[in-house]
Amino acid sequence: MAKATYKSAGVDLDLYRQAMARIPGLLAKTKCARVIDLPQGFAGLCRLDFPGPLFARNYVDPVLAACTDGVGTKLKVASAMGVYRTVGIDLVAMSVNDALCCGAEPLFFLDYVAMPKDDPPLLAELLEGVVAGCLEAQCALLGGETAILPDIYQPGDFDLAGFCVGVVESKNIINGKAVASGDSVIGLASTGLHSNGYSLARKVVFEIAGLSVEDRVEELGMKVGQALLTPTRIYVKPVRGILRYYAVKSVVHGIAHITGGGIRENLARIVPSGIRIVLDRHGWPVPPIFPWLQRLGDIDDAEMEQVFNMGIGMILIVSPFYAASIRKQLAAAGVESWVIGRAEASQQSGVVWSTDSSVSAVFDQ
């Protein structure tokens, strides 16, 4: 009988070392002055502030914000396509966009990759996406973990989880409490499904409609796999730019990242007592991927709105006097936006839809 080894159990340490050797070069791409070198360290080190005066934040009462998320069953589409870089971007986006909602500046990101066996090229491609996301989010990839779990994951399977830590001055925390009657609700364009609703989307596209990732959909102008793998938009640069521009004034009163649960459920999380958000259901053009999915699966309107972002990936609730200026700044940053609603005083707090054209006209002012 052959002697038992780690390799015979499914973990090849030599291959693992090859995979690990690729990581330092990728991490180095995201290094900033805050990162402290700790070769062979068991943790990553990050200064809260910059060491030099040029970029110093000079925090008075800094508060750390922490977020974690994954990519979900969008990973199955990546596997079917054999394209893995974009889901790394999704991984970063889901956490840094959440941190942004309280006004935080992302400091650093950590990743967790789990797979059934070592696959250095696959790991490198996944991390290339994570690095691209971190660069877009202006945060450092400080470290992570690669877990080889042969008895948990089947060949071809893998999973991703991400963790973001950010910082915000206590007095600048955005929590929705400042939302007031008359505030404008600005919807920022998504790039498609982002990373939510893929269990339903995959069922509709691959089971009900019987399509493959290589089938071309003319109304989308691309193949199925391309449409489903479009990465989640990272809103850090444009929104942080707005927050810096209005550093003295309290202009942005609430921010909501539109993920699972859709627009109403996520927006309701930041609506204070005594305020109701009225949204114009026709206030923005819904990207074609959503009506395409709805038609393929014969999905009810309410189900679509509950599961998908419907073309709005993030919402800002702002002082109405600055809405036009904020939208101009977003456009300059390459993000399309629309005034899709307003806040009004109400004994019943929450989020409601309105299809009244006269109300919609008010939204556009």
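The values are calculated or read from the model by the stated rules, or taken from the named source; none is laboratory data. No experiment lies behind these values; they were computed from the predicted model shown. Virtual Cβ from ideal backbone geometry, glycine too; neighbours counted across all protein chains shown. The accessibility values were calculated without ligands, DNA or RNA, using every heavy atom of the protein model including side chains. Shrake-Rupley method; radii C 1.70, N 1.55, O 1.52, S 1.80 Å.
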With label points set 7 Å from each Cα along the Cα-to-Cβ direction at Ser170 and Val11, the distance between them in nm comes to 4.4 nm
Once the dipole of the chain is set up from charges on Cβ (+1 Lys and Arg, -1 Asp and Glu), the residue from the list Ala247, Val335, Gly182 lying farthest towards its positive end is Ala247
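Kindly provide the chymotrypsin sites (Phe, Trp or Tyr not before Pro) of segment 25-94 that DSSP labels as loop, not H, G, I, E or B, and whose Cβ sees at most 11 other Cβ atoms within 10 Å.
Of the chymotrypsin sites (Phe, Trp or Tyr not before Pro), the ones in loops of segment 25-94 whose Cβ has at most 11 other Cβ atoms within 10 Å are Phe42, Phe55.
Which residues make up the longest stretch of the chain that has no GluC sites (Glu not before Pro) in a DSSP loop with at most 12 other Cβ atoms within 10 Å?
Longest run free of exposed loop sites: 1-213.
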Derived scalar couplings ³J(HN,Hα) [segment 255-260; Karplus, 6.51 cos²θ - 1.76 cosθ + 1.60; whole Hz; x for Gly, Pro]: 9, 10, 8, 8, 10, x
Considering the chain as a Gaussian network with a 10 Å cut-off on Cα pairs, which listed residue, Asp151, Asp280, Asp183, attains the greatest mean-square fluctuation? Asp151
Over the chain, how many pairs of lysines fall under 28 Å by alpha carbon, counting only those 8 or more apart in sequence or from different chains? 26
Taking K and R as +1 and D and E as -1, what net charge do the other residues with C-beta under 10 Å from the C-beta of Asn97 add up to? -1
How big is D, in µm² s⁻¹, for segment 180-320 by Stokes-Einstein at 37 °C and 0.692 mPa s if Rh is the Kirkwood radius over C-alpha pairs? 200 µm²/s
With everything on Cα atoms, drop me the angle between helix 120-137 and the longest principal axis of the chain, reported from 0 to 90° to the nearest 10. 30 degrees
Residue with peak Gaussian network fluctuation, the chain [Cα springs, cutoff 10 Å], from Pro288, Pro150, Pro39: Pro39
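How large is Rg over Rh for the chain, taking Rg from the Cα atoms and Rh as the Kirkwood inverse mean of 1/r across Cα pairs? Before the final figure, lay out each step's value.
Numbers: Rg = 22.0 Å, Rh = 21.9 Å.
So for the chain, dividing Rg by the Kirkwood Rh gives 1.00.
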Assign unit charges at the C-beta atoms only (+1 for Lys and Arg, -1 for Asp and Glu), then state the dipole size of the chain relative to its Cα centre in Debye, rounded to the nearest 20. 980 debye
What is the log10 of I(q)/I(0) for segment 128-241, computed with the Debye formula using one identical point scatterer on each Cα and no solvent, at q = 0.11, 0.18 Å⁻¹? -0.63, -1.21
Around Ile275, what is the net charge, scoring Lys/Arg as +1 and Asp/Glu as -1 over all other residues with Cβ under 9 Å from its Cβ? -1
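In debye, nearest 20: dipole of segment 118-176 around its Cα centre with unit charges on the Cβ of K, R (+) and D, E (-)? Let's see the in-between values first.
Numbers: 1 positive and 10 negative charges, 94 e Å.
Taking the Cα centre of segment 118-176 as origin, the dipole is about 460 debye.
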Using label points projected 7 Å from each Cα along Cα→Cβ, tell me how many nm separate Leu48 and Gln154, to one decimal. 4.8 nm
Cleavage-rule hits (trypsin sites (Lys or Arg not before Pro)) in segment 189-283: DSSP loop, at most 14 neighbouring Cβ within 10 angstrom: Lys249, Arg269
Only helical DSSP H runs with n ≥ 4 go in: add -39500 (n - 2.57) per run for the chain, normalise by residue count and round the 222 nm mean residue ellipticity to 500 deg cm²/dmol. -9000 deg cm²/dmol
Length gained, Val248-Gln347, 0.36 nm per residue minus C-alpha separation, equals 32.5 nm
Dipole moment magnitude, nearest 20 debye, segment 290-345 about Cα centre, only Lys, Arg, Asp, Glu C-beta charged: 460 debye
The chain - share of DSSP beta bridges that are antiparallel (%, nearest 5): 75 percent
Please report Rg (one decimal) and Dmax (integer) in Å for the Cα set of segment 235-292. 14.3, 44
Kindly provide the trypsin sites (Lys or Arg not before Pro) of segment 49-86 that DSSP labels as loop, not H, G, I, E or B, and whose Cβ sees at most 15 other Cβ atoms within 10 Å. Arg57
Which one of Gly182, Gly283, Gly25 has the biggest mean-square fluctuation once the chain is modelled by GNM with Cα springs under 10 Å? Gly25
Ranking Ile89, Ile312 from most to least accessible area with a 1.4 Å probe gives Ile89, Ile312
On C-alpha positions alone, give me the angle between the axis of helix 236-245 and the longest principal axis of the chain, in degrees, nearest 10. 40 degrees
